[in-house]
Amino acid sequence: MTYDPRQPDGRNPDGGPSLTPPSFASPLAQPRVAQGAQIAPAPISPAAVPVRPRAGRSAPVWIIGVIFIVLVALVGYFLSAIGPAASIIGMLLAFVPLTAVVLAVRLIDRWEPEPRGLLVLAVAWGAVAAVGIALGVDLLITLVLGVDDSPLREAFSAVVQAPIVEEFGKGLGVLLIFLTARRAFDGPVDGVVYGALVGAGFAFTENIQYFAISFLEGGVVDVTTTFFVRGILSPFAHVMFTSITGFALGLAARRGARGMGALGAWVLGMMGAMMLHALWNGSAVFGDFFLLYLTLQVPLFVGFILGVITLRREEARVTRARLGDYAAAGWFTPQEVDMLATGPGRKAALAWAQSLRGDRTRIMKSFIADATALAAARQRAITGRDPNAREDEQVLLARTTAARAAMFAP
């Protein structure tokens, strides 16, 4: 019990002081003789910065399940047909061109980065599901027509079968991302990014097989030659093919196409990818590969790069136009729009944020990313293809406002 001198002592019936020492909780305890000062209530925490909804920016679980099932079958195929040692060697070598392609795609995707989960899904679809489709069709044709190693059959496989089947398998992955994650598929640049990563994933698994077989058949000399041709000279081949399909779908998204309109764009994009794939393979089958590489394939690659640069400039133009709408309403200053809509402006802003107390680069990066996403959300609203764009707009306006306040906080 706690002793309070203001209360009568129960051990003394007269209520006077007791000669018996009171009991305390511990030898160091002190009697409580007064109430403590009132404790002020804790301040209310500032409102949390809202988070963008995930709906429309992630793929359904069943797609991941399909990829996992096919992956198990592919691993079994490689282990039984090629062997673990050769498969590991092929995989290690295949990581080299894959890394180069992924880094290049990241440069394309820097303006308005796509959700990381969808980027991983794109690579996984190309590396697993699309390869599974191609191998399944090849097995079916072999069962129907039998084994045929004639030059005519090999030419047909390279120039006709491979372009049609492989581009369908890869294009199907791009279409699934378009249909299930429409809010992350804003325009041609997004389509090129997803198509390029699907193609990169397909090339990765295909390279494992080519490198492993070359090692088994000819040792280091053969695998070195194969690596030079596939990993050094043409690591972007499949990337370019499937990017055409992604570009077509991205253009349809930018124009607000739905239903049959989007499906028609997908078919046209795949046809273009198949034709380019057939032309690329035909140059290796029917002509001098190195001569046609210099006169045909290098110009195609240069054209691809110039096309990507043009698309990036268009993305910057759209960003400026849409943020200009918000600037007219007072949400941004004209100087902020100029900064957000140009690469040099963003670099200067990041350098300025780094010079602030505590290095506020991270806050500036968030401000740039959210403002760019805000421009994309308004573009979706203008095209009428995203009924939930208004929800994104409210969230992103709150986030950019909070980032600006944090940037100028003392």
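The values are calculated or read from the model by the stated rules, or taken from the named source; none is laboratory data. As the structure is a prediction and not an experimental result, all values here were calculated from the model. A quick note on method: Cβ atoms are made from the backbone with ideal geometry, for glycine too, and the neighbour counts reach across all protein chains shown.
General observations
- When residues in the range 233-247 are screened for being assigned to a helix (DSSP H, G or I) and either within 24 Å of SER87 (Cβ to Cβ) or aliphatic (A, V, I, L, M) (or both), 6 of them pass.
- Of everything listed in (1) in contact (Cβ under 8 Å) with a residue 12 or more places away in the chain; (2) within 22 Å of ALA196 (Cα to Cα); (3) surrounded by fewer than 21 Cβ atoms within 10 Å (Cβ to Cβ), the single unmet condition for ARG320 is (2).
- Scanning the range 272-297 for residues that are of a type in the set (Gly, Ala, Ser) and assigned to a helix (DSSP H, G or I) turns up GLY272, ALA273, ALA278, GLY282, SER283, ALA284.
- Flag for ARG230 being under 23 Å from ALA86 (Cβ atoms), modelled with pLDDT under 95 and out of contact with any Asp or Glu (no Cβ under 6 Å at 6 or more places or on another chain): yes
- Residues of the range 89-115 classified as loosely packed, with under 13 Cβ neighbours inside 10 Å and either in contact (Cβ under 8 Å) with a residue 40 or more places away in the chain or closer than 14 Å to PHE204 by Cα (or both), total: 1
- Selection of helices (runs of 4 or more DSSP H) fully inside the range 298-410 by the criterion of at least 3 residues being under 22 Å from PHE178 (Cα atoms) returns 298-328, 361-383, 389-407.
- For the range 254-269, the criterion of being under 19 Å from PHE95 (Cβ atoms) and of a type outside the set (Phe, Trp, Tyr) is satisfied by no residue at all.
- First in the range 250-279 and closer than 13 Å to HIS238 by Cα, second anywhere and hydroxyl-bearing (Ser, Thr, Tyr) and buried (at least 17 other Cβ atoms within 10 Å of the Cβ), Cβ under 7 Å, 6 or more apart: MET270/THR245; ALA273/THR242; ALA273/THR245
- Those residues of the range 331-365 which are of a type outside the set (A, V, I, L, M) and within 21 Å of ILE108 (Cβ to Cβ), in sequence order: THR342, GLY343, PRO344, GLY345, ARG346, LYS347, LYS365
- None of VAL221, VAL193 is modelled with pLDDT of 95 or more and in a helix (DSSP H, G or I) except VAL193.
- When residues in the range 116-133 are screened for being of a type in the set (A, V, I, L, M) and free of Cβ contacts under 8 Å to residues at least 60 places away in the same chain, 2 of them pass.
Yes/no matrix, rows are residues, columns are (1) under 23 Å from GLY272 (Cβ atoms); (2) of a type in the set (Val, Ile, Thr):
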position: TRP125; (1), (2): yes, no
position: VAL131; (1), (2): yes, yes
position: GLY136; (1), (2): no, no
position: ALA158; (1), (2): yes, no
position: ILE177; (1), (2): yes, yes
position: PRO188; (1), (2): yes, no
position: GLY199; (1), (2): yes, no
position: PHE211; (1), (2): no, no
position: GLY218; (1), (2): no, no
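- Residue in the range 325-342 that is over 20 Å from THR400 (Cβ atoms) and not aromatic (Phe, Trp, Tyr) present: no
Table: residues versus (1) loosely packed, with under 15 Cβ neighbours inside 10 Å; (2) in the same structural domain as THR383 (by TED's automatic domain parsing); (3) among the basic types (Lys, Arg).
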position	(1), (2), (3)
GLN297	no, no, no
PHE304	no, no, no
ILE309	yes, no, no
ARG312	no, no, yes
ALA328	yes, yes, no
THR333	yes, yes, no
ALA341	no, yes, no
PRO344	yes, yes, no
ALA349	no, yes, no
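- Any chance GLU206 is surrounded by 18 or more Cβ atoms within 10 Å (Cβ to Cβ), assigned by TED's automatic domain parsing to the domain that holds GLY264 and within 25 Å of VAL229 (Cβ to Cβ): yes
- Flag for ASP186 being outside any helix (DSSP H, G or I) and buried (at least 18 other Cβ atoms within 10 Å of the Cβ): yes
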